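Encoded as C-alpha cells, the structure appears first; notes follow it.
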Amino acid sequence: MCERIFRGNIVFSTEFGKLKIIEGGYIVVADNKIVGVYSELPSIYKGARVFDFGKNLIIPGIAALDLEVPDSLYAEDSFLAISRKLRRSGVTRSIVEGASSVNSSILLMDTIAEAGLGAYISS
C-alpha cells in the first residue's frame with residue numbers, strides 16, 4: 001500500500017451542500033483512494049512523506065470529462081446507474097453529453113443532483 005500525504009488548507013464536502021475547512025490539515029491517500037482527512041496527522045503515518053502545500057488550498061475531488069449517456073426507453077435506470085458509478089468512483093464533477101431530448105436531459109440533471117454530484121449537462 002503506497003501512501004501519499006498532502007498538507008495544506010483543505011476544503012471538502014462530506015455531504016451535498018455543506019463544506020468543511022481544515023486549515024493546515026492532512027489528506028492521506030492509499031491505493032489511489034482518500035483514506036482520511038485530518039486536522040492532526042495520526043501517529044501511524046508519522047514516518048510517511050508529506051507533500052506540504054503550505055497555505056495553499058487543497059480541494060479533493062475527481063473530474064470526469066466527456067461522459068456520454070445512453071438515450072433509451074430505460075433512461076431513468078441508466079441515469080441512476082451512471083450516478084451511482086460516478087459517486088462510488090469518487091467523481092465529484094463531470095461534463096456529460098446529455099440525452100437527445102430535453103426531458104431526458106432534465107431527468108439526468110435531477111438524477112445527478114440527487115446523488116450529490118455536480119455536472120455540466122449538454123444537450
> Setting aside same-chain residues fewer than 8 positions from Lys33, which aspartates and glutamates have a Cα under 15 Å from its Cα?
Replying inline: Glu3
> Which aspartates and glutamates, on any chain, are close to Lys20 with Cα under 18 Å apart, when same-chain ones fewer than 8 places away are left out?
Replying inline: Glu40
> Quick one: ranking Ile95, Ile10, Ile82 by accessible area, 1.4 Å probe, largest first, what do you get?
Replying inline: Ile95, Ile82, Ile10
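The values are calculated or read from the model by the stated rules, or taken from the named source; none is laboratory data. Note that the structure is a prediction, hence the values are computed from the model and not measured. Just the protein is used for accessible areas: all its heavy atoms, side chains included, with ligands, DNA and RNA removed. Shrake-Rupley method; radii C 1.70, N 1.55, O 1.52, S 1.80 Å.
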